[in-house]
1. In what sequence, largest accessible area first, do His394, His598 appear using a 1.4 Å probe?
2. If one computes the Cα centroid of segment 157-205 and of segment 1-73, what distance in Å separates the two points?
3. What percent do you get for the relative contact order of the chain when only Cα pairs under 8 Å and 6+ apart count?
4. Can you give the angle from 0 to 90° between the axis of helix 576-587 and the longest principal axis of the chain, with both taken from C-alpha atoms, to the nearest 10?
5. Using Cα-only point scatterers and the Debye equation, what is log10 of I(q)/I(0) for segment 1-151 at each q in 0.18 Å⁻¹, rounded to two decimals?
6. Given only helices, namely DSSP H runs of n ≥ 4 each adding -39500 (n - 2.57), what is the per-residue ellipticity at 222 nm of the chain, to the nearest 500 deg cm²/dmol?
7. At 0.36 nm per residue, minus the direct Cα-Cα distance, what do Thr427 and Lys448 gain on full extension? Give it in nm, one decimal, please.
8. Under 8 Å for C-alpha pairs, at least 6 residues apart: give me the relative contact order for segment 235-313, rounded to a whole percent.
Amino acid sequence: MEKIFEKLNESQADAVRQTEGPVLILAGAGSGKTTTIVSRLAYLIEEMGIPASNTLTLTFTNKAAKEMRERALNMITKSAYPPLLCTFHKFGLLFLKFNIHLLNRENNFVVIDTDDKKRIIKKINSELPTPLIASEISRYKNSLMTPDDAYKQAELFNYQQIAKIYEEYENYLHENNLVDFDDLIALTFKLLDENPELAQKTSQKYQYIMIDEYQDTNELQLKLLQKLCVCHPNLCVVGDDDQSIYGWRGAHIRNIMEFDQDFIGASVFKLEENYRSREPILKVANALIEHNRSRLGKKLIATRGTGEDVAILNSNDENEEARKIAQKINKLLDSGVSAKDIAVLYRVNVLSRSIEEGLNRAGIAYKLVGGLRFYDRAEIKDLISYLRVITNFHDDFSFKRIVNKPKRGLGKASLDKIELAAHANTTSIYEYIKEVPLPELEALVRKKNATTLKEFILNIENISKIASESTYNFIDVLEETFHLKDIYSGMQDESERILNMDEFYGLFRDFVKNSPEALLDEFLNELTLQSEQDQVEGESIYMMSIHASKGLEFEHVFIIGLEEGFLPLVGDGSDLEEERRLGYVSFTRAKDTLTLSHASSRFYKGRRSDLQKSRFFNEAGLCEGSLIVEKNTAFKKGDLVRHKVFGTGRVIGVSKSGREFKLNINFAGTKREILASFVERL
């Protein structure tokens, strides 16, 4: 017991002890959130005697899950089995492996990544913008809309087209036994929703559920949690409304703001002691976020004492900015600071280019997080496609990628003929080539190619057998059989590509060593669940977007592009409160020093533009006379509100009135203008 509580402050200890019923732990940046979660898990298992198998802890990134798992296992001694601690998507993957048969699907499915998804969509329709279609399909799935629902809802012709593409895309996934990222949650919910007995059984299994980064959950994840809690109310969520920065991808800040309405009788604990940042950094972060109205309210308290004031870097343009930042970084490195403790953050990815050039000129090594991921490189995608076909012969998408790698003399026209013939026979391309008599295949492609294809199928089947018998040796046999490195022979970047392939083979062998019983499809699915933050390791300066930096910390942080239009982004679709939260997240990544940089002009979208300094300098108290907190409004057009005299009404307009906001409200046909502070939102 003492071991669990010795490193906890009073608020953390209170949150750990509250094991029953719904619990909201409002954890400020750097307030020991992970410590609290793992301590609570250890308390449940070690002190309360809850079997580890009856707990479930979910987070959003592999990096966070790995850290929490390691720390939890160091605190747990009495459990024979480790608790299930993973990402939402990994939980969905495990759940589907056991239960997808209830949807008449095979459990040897393969999870496709975003790149695969876009390729499939592009094949179905190359006229409409692929990113738009991919985004809409994701929105449909997270709203539990079928293609039929999407078509009925669509008013514009383009969206009717997207609904039809969605239908074809879903059919393609079913036929090839594939699932996409959204399916991991959507199909899990569907199974629990359509099978009440399964929901009861699953809820009874996971008696104590904890969710990390709750402010990042979307509507579907909330519904999933409600299903998991159908037999009990023991849900503990940890999060920070001030760090809700994923509204653009469907995260709902209302989930954390209205937790007590979704889960009645919730206990709330605030963690405000910050163990990460020096006092001057927290001072500007607190001042900035106080300007937001839609928040539960808390103030970070520095435990590490004072330090250097927040530095402001003024530059004429992006080249001068890059030069100054490179000089400051060199000074830090010369003083003995480790490169991995320095990060450059930005709101908009395109701003990285000038800093990259500046660091290159200064000879400073850096790593661009969120750039082309290792697993997105062509040579690695080819290898993964080979593994997918070996795992699932009927994966047409992957089969088409590798059938001519290395070259087997098969042109696009020949492959199209085979694909049409396979569809006409209602079978996969692989199955068609395998089963069709050689003379029939020769009628579609040249005799030599037909023989090569038959041999290719035979090789795949032989390797598949080896994979099921000896996973470790399989990777060597794969290379010896297909000579995949020969694909890149003679290319300018041949050595780099082969190094990447060797790296992949090494990663595969490590996976097999660590999980000797694991099957090939498990390795593939682990790869698909990789996230941007898994790239943050090694010795170099890190450059990344503010979104990618969430959950990370660095001793020295530089934030560039603090100009109106960049941070905050302004204009259609931007949410000033979310922009402030992005500012707050970026400030609180810094442990010892924080440098905020702005330029008077930047070359952007083909032309040079003069820029105005970000309002966040004012709001963070970094300019004279800027400490007045201007009242903001949480109300928007369409909100239902209550007035103590006029009763219930709907907001039909919002306007500024001095430091207050004036609402135009329709009370059952009577329109009145009322100051925002005189009504409450329903």
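The values are calculated or read from the model by the stated rules, or taken from the named source; none is laboratory data. All of these numbers come straight from a predicted model, not from anything done at the bench. Positions of Cβ are generated from backbone atoms using ideal geometry, with glycine treated the same way; all protein chains shown enter the neighbour counts. Heads up: the accessible areas ignore ligands, DNA and RNA and are worked out on the full protein's heavy atoms, side chains in. Shrake-Rupley method; radii C 1.70, N 1.55, O 1.52, S 1.80 Å.
1. Solvent-accessible surface, decreasing: His394, His598.
2. So the separation of the two Cα centres works out to 32 Å.
3. Value for the chain: 16 percent.
4. 80
5. After summing over all Cα pairs, the log10 values are -1.09.
6. It comes out at -13500 deg cm²/dmol, rounded to the nearest 500.
7. Once the chain is fully extended between Thr427 and Lys448, it gains 5.2 nm.
8. Relative CO of segment 235-313 lands at 33 percent.
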